[in-house]
1. Among the residues of the range 85-112, count how many are touching a strand residue (DSSP E or B) at 6+ places or on another chain (Cβ under 6 Å) and over 25 Å from residue 45 (Cα atoms).
2. Within the range 135-166, how many residues are touching a helix residue (DSSP H, G or I) at 6+ places or on another chain (Cβ under 6 Å) and in a loop (DSSP other than H, G, I, E, B)?
3. Out of the strands (runs of 3 or more DSSP E) lying entirely within the range 35-134, which hold 1 or more residues that are without any contact (Cβ under 8 Å) to a residue 40 or more places away in the chain and crowded, with 18+ Cβ neighbours inside 10 Å?
4. Within the set of pairs 6+ apart or on separate chains, which have a first residue in the range 1-17 that is more than 17 Å from residue 196 (Cα to Cα), a second that is in a helix (DSSP H, G or I), and C-beta atoms under 9 Å apart?
5. Would you pick out the residues in the range 82-102 that are over 19 Å from residue 121 (Cα atoms) and touching a helix residue (DSSP H, G or I) at 6+ places or on another chain (Cβ under 7 Å)?
6. Quick one: is residue 169 surrounded by 11 or more Cβ atoms within 10 Å (Cβ to Cβ), in a loop (DSSP other than H, G, I, E, B) and free of Cβ contacts under 8 Å to residues at least 40 places away in the same chain?
7. Can you tell me which of (1) over 14 Å from the mean Cα position of the chain (by Cα); (2) touching a residue at least 12 places away in the same chain (Cβ under 8 Å); (3) under 24 Å from residue 32 (Cβ atoms) is the one residue 190 doesn't meet?
8. What's the number of the only condition in (1) in contact with a helix residue (DSSP H, G or I) (Cβ under 7 Å, 6 or more places away or on another chain); (2) farther than 16 Å from residue 123 by Cβ that residue 10 fails to meet?
């Protein structure tokens, strides 16, 4: 999902960063042993993706804005300055050149409001060209998880079987593709080109779940 021709903008204005994004997204695969591991869901997956970008020169970075108003007469003579306005940003997961990229795998869905509003502010200030959010398509992945978990249960003794998934994939209060879609429909990102990518069943690496 994209807004304001995000893919075309990055391809034209930030071709190296766009190449990094294509490379990471086309090669990353979701491994059940990490994805369905209790206590490691958000951390493992997000860390894997972040590391792939860090290897390509992207860095975790906080973007702050400093704005100063300059006063001029009608003749173009500078007559004064307004006090500087300082706006503290937040630590984005990945930043390179003029592109920001956050991995919102299993965080509180309010993070999406913060991300998109910040992208808009930075874009309107002229410091970024586009923003990218990587998240998950919750419902398709829930179906896949149930299948993988069921297949695994069939391989262990009946007395050891547990119906409940090792992680909670049913909650609707965490970051996911449908949550991002809702914000985009509200126009939270404004004129900023934004690309939203979600892992789904096709991201799975094809391996079964195995006990850690």
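1. Result for the range 85-112: 3.
2. Going through the range 135-166 one residue at a time, the tally reaches 3.
3. 91-96, 99-103
4. Filtered contacts from the range 1-17: 12/18.
5. Passing the criteria: none in range.
6. yes
7. (3)
8. Condition not satisfied by residue 10: (2).
Every number here is computed from the coordinates shown, using simple stated rules; none is lab data. Since we're looking at a predicted model, the values are computed, not measured. Because the Cβ atoms are built from the backbone with ideal geometry, glycine has one as well, and the counts that use them run over all protein chains shown.
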